[in-house]
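S.K.: The structure is given below, and queries will be raised subsequently.
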Amino acid sequence: MTMTGFGQARQGRNRPGGSARALSEAYDTALLDLDGVVYYAGGHAIPYAVEALGAARAGGMHLAYVTNNALRTPDTVAAHLTELGLPTGPADVITSAQAVARLVADEVPPGSRVLLIGGEGLRVALLERGLVPVDSADDDPVAVVQGYGGPETPWSRFAEASYAVGRGLPWYASNTDLTVPTARGIGPGTGAAIEVVRIATGAEPRVAGKPLPPMHRETVLRTGAERPLVVGDRLDTDIEGAFNGGVDSLLVLTGVTDVAALLAAVPEHRPTYVAADLRGLLVPQPEVADGADGAFWCGGWTASVSGGALLLDSVGPDSAGPDSVGSDSTERGLDPLDGVRALCAAAWTEAGAGACGLDATKALERLGLG
């Protein structure tokens, strides 16, 4: 069973896609990121997330949770989701620790000793693959595996990794996220710790996590999805990972990506669909249509390019021309997300294979997003 190729017709398009059916009906499996999608950094559920996912599951959609965080075990993540009101088993959680453990196990003999630089999630994943985690470069490891170990990770762990990598041992990393969201703010992630070892050794690790193929492979093997939809909040991990795997994606605007960043996205960072939150799974997605004079239209909004800027106008139900939107857009039945979709089409078409550098200030102000 393979997911590759299912979404290739949509990938690389210069506008968001549309779906006549609710996404939870059009796709059999949602591959959900966690932080910024299901819950906030402090662990509290994002508004509407539990209700929307419960409705999607009740309608027959399989929910799987795919995370680059290698610290927590699938059991721990599943227990947290269950406490939030989303009954989940560990088999429905896929982590970058599992992906990198499989990558290592495919390349070293069974039962090999591996220097572990990380937390419990990575240790459990290595054991699952029949590898033996060790704590010192002097314990005769055949490889080094690094993942997020939490803010209490001592400097000596990075020194052990450097000693082993400096001796020529192959070096693997769960992911390269430079930052990690926490309840107290943004902290240094696995990528920042990897930089420490890279500076000391000059070496480069083999990386498994999103957006790279080993994570996609791990997800395929563990979910068996036939018609998957990647759901995430980050362009450079979730959406790029979907692009690399040739599957469709839904960006929700509850996490790190704002509309300005979405408009500037390069092709591999352009999602198939855009929604305010996970309620977007439960409804059809509108098509973006071609308008006059190179404009794009969606749900009463028209977006165009002029004078180095993105422009946005609306045509209300009782109006024959552009209308000032402002705070009355909801009353007049205009969905700001339709304006975002139209702007994406204008920006991405203008940018082509690059990143859009057009001024979107006034357009976003019309949507109340400036």
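S.K.: Just one of (1) surrounded by fewer than 18 Cβ atoms within 10 Å (Cβ to Cβ); (2) in a helix (DSSP H, G or I); (3) of a type in the set (S, T, Y) trips up T153, so point out which.
M.R.: Every condition holds for T153 apart from (2).
S.K.: Please go through the range 181-207 and pick out each residue that is exposed (fewer than 15 other Cβ atoms within 10 Å of the Cβ) and either assigned to a loop (DSSP other than H, G, I, E, B) or hydrophobic (A, V, I, L, M, F, W, C) (or both).
M.R.: Result: A183, R184, I186, I199, G202, E204.
S.K.: Restricting the range 91-111 to residues that are under 20 Å from the mean Cα position of the chain (by Cα) and not polar (S, T, N, Q), which is most open to solvent (accessible area, probe 1.4 Å)? Don't jump to the end; show me each part of the working.
M.R.: Residues of the range 91-111 under 20 Å from the mean Cα position of the chain (by Cα): 91-100.
So of that shortlist, the ones also not polar (S, T, N, Q) come out as 91-94, 97, 99-100.
Details: A91: 78, D92: 43, V93: 1, I94: 0, A97: 0, A99: 2, V100: 0 Å².
Restricting to residues being under 20 Å from the mean Cα position of the chain (by Cα) and not polar (S, T, N, Q), the top hit is A91.
S.K.: Something else: Mind listing whichever residues of the range 245-263 are under 25 Å from S304 (Cβ atoms) and in a loop (DSSP other than H, G, I, E, B)?
M.R.: To start, the set of residues in the range 245-263 that are under 25 Å from S304 (Cβ atoms) comprises 251, 253, 257-263.
Scanning the range 245-263 gives L253, T257, D258.
S.K.: A further question follows. Looking only at the range 17-44, filter to residues that are touching a Pro at 6+ places or on another chain (Cβ under 8 Å) and assigned to a strand (DSSP E or B); which one of those is surrounded by the most Cβ atoms within 10 Å (Cβ to Cβ)?
M.R.: Top of the filtered list is L31.
S.K.: I need the full set of residues from the range 246-263 which are in contact (Cβ under 8 Å) with a residue 60 or more places away in the chain and touching a Gly at 6+ places or on another chain (Cβ under 8 Å), in order please.
M.R.: G246, V247, D248, S249, L250, V252, T254, G255, V256
S.K.: Related question: Looking at the range 45-67, can you tell me whether even one residue there is among the aromatic types (F, W, Y) and under 17 Å from the mean Cα position of the chain (by Cα)?
M.R.: The answer is yes; a qualifying residue exists.
S.K.: Check whether at least one residue in the range 78-87 is more than 26 Å from V283 (Cβ to Cβ) and open to solvent by less than 10 Å² (accessible area, probe 1.4 Å), and report yes or no.
M.R.: Yes: one or more hits.
S.K.: Right, here's the next one. Given the condition assigned to a loop (DSSP other than H, G, I, E, B), at pLDDT 95 or above and at negative phi, answer yes or no: does some residue in the range 157-167 qualify? I'd like the intermediate steps shown before the answer.
M.R.: Narrowing the range 157-167 to residues assigned to a loop (DSSP other than H, G, I, E, B): 167.
Now drop any that are not at pLDDT 95 or above, which leaves 167.
From what's left, at negative phi: 167.
Yes, the range 157-167 has at least one match.
S.K.: Checking R184 against (1) touching a residue at least 12 places away in the same chain (Cβ under 8 Å); (2) out of contact with any strand residue (DSSP E or B) (no Cβ under 9 Å at 6 or more places or on another chain); (3) among the charged types (D, E, K, R), which test does it fail?
M.R.: So R184 meets the others, but not (1).
S.K.: Residue by residue through the range 265-290, note down the ones that are buried (at least 17 other Cβ atoms within 10 Å of the Cβ) and over 21 Å from the mean Cα position of the chain (by Cα).
M.R.: Residues satisfying the conditions are P286, V288.
S.K.: Shifting gears a bit: For the range 160-179, which positions are open to solvent by less than 40 Å² (accessible area, probe 1.4 Å), over 15 Å from P141 (Cα atoms) and aliphatic (A, V, I, L, M)?
M.R.: A173 - this is the single residue of the range 160-179 that is open to solvent by less than 40 Å² (accessible area, probe 1.4 Å), over 15 Å from P141 (Cα atoms) and aliphatic (A, V, I, L, M).
S.K.: Separate question: Show the residue pairs meeting these rules: Cβ distance below 7 Å; 6+ apart or different chains; first residue within the range 153-164 and touching a residue at least 40 places away in the same chain (Cβ under 8 Å); second residue outside any helix (DSSP H, G or I) and β-branched (V, I, T).
M.R.: R157/I117; E160/I117; A161/I117; A161/V144; A164/V144
The values are calculated or read from the model by the stated rules, or taken from the named source; none is laboratory data. Because the structure is predicted, anything quoted here is derived from the model rather than measured. Please note: Cβ atoms are built from the backbone with ideal geometry, for glycine as well, and neighbour counts cover all protein chains shown. SASA here: full protein model, heavy atoms, side chains in, ligands and nucleic acids out. Shrake-Rupley method; radii C 1.70, N 1.55, O 1.52, S 1.80 Å.
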